[in-house]
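Let me begin by presenting the structure, written as structure tokens, before commenting on it.
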Amino acid sequence: MNIHLLRIYGLENRITIKQMANELRISQTHLHNILSYKRMPSSKLALKIEEYTNHQIKAVDLLYPKDNSGK
């Protein structure tokens, strides 16, 4: 899951977790759990994130990460 892209997006755009959670209409706890790799976003939320980021982060990248480990 490429959640680090979402963290980078928030930092680059000076968006707090609180603001992002409010705009995505999810709790701060839920967003924090996603950013901490404790939870995965649902497909519906991944699509909301894609729209929220103006397609800079693709839902497919959040749901189906590329395996860079060489396995």
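The values are calculated or read from the model by the stated rules, or taken from the named source; none is laboratory data. Fair warning: this is a prediction, and the values are worked out from it, not measured in the lab. Ideal geometry is used to build each Cβ from the backbone, glycine not excepted, and the neighbour counts take in all protein chains shown.
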**OP:** Can you work out which of the residues in segment 28-41 that are surrounded by 12 or more Cβ atoms within 10 Å (Cβ to Cβ) and not in a helix (DSSP H, G or I) is nearest to the chain's Cα centre (by Cα)?
**Re:** Pro41
Subject >> Options Lys48, Lys44; residue that is modelled with pLDDT of 95 or more and either in contact with a strand residue (DSSP E or B) (Cβ under 7 Å, 6 or more places away or on another chain) or surrounded by 14 or more Cβ atoms within 10 Å (Cβ to Cβ) (or both) >> reply: Lys48
**OP:** Working carefully through the options Ile49, Ile26, Ile8, Ile17, find the one that is within 13 Å of Leu62 (Cα to Cα) and of a type in the set (Val, Ile, Thr).
**Re:** Ile49
Subject >> Ile57 being in a loop (DSSP other than H, G, I, E, B), modelled with pLDDT of 95 or more, of a type in the set (Val, Ile, Thr) and crowded, with 16+ Cβ neighbours inside 10 Å >> reply: no
Subject >> Residue that is modelled with the highest pLDDT, among those in segment 60-71 that are under 14 Å from Leu6 (Cα atoms) and loosely packed, with under 15 Cβ neighbours inside 10 Å >> reply: Val60
**OP:** List every residue pair whose Cβ atoms lie under 9 Å apart, where the two residues are 6 or more positions apart in sequence or sit on different chains, the first residue falls within segment 44-71 and is closer than 18 Å to Arg14 by Cα, and the second residue, located anywhere, is modelled with pLDDT under 85.
**Re:** Ile57/Asn2
**OP:** List every residue pair whose Cβ atoms lie under 9 Å apart, where the two residues are 6 or more positions apart in sequence or sit on different chains, the first residue falls within segment 5-27 and is exposed (fewer than 13 other Cβ atoms within 10 Å of the Cβ), and the second residue, located anywhere, is assigned to a loop (DSSP other than H, G, I, E, B).
**Re:** Asn13/Thr53; Glu23/Ile15
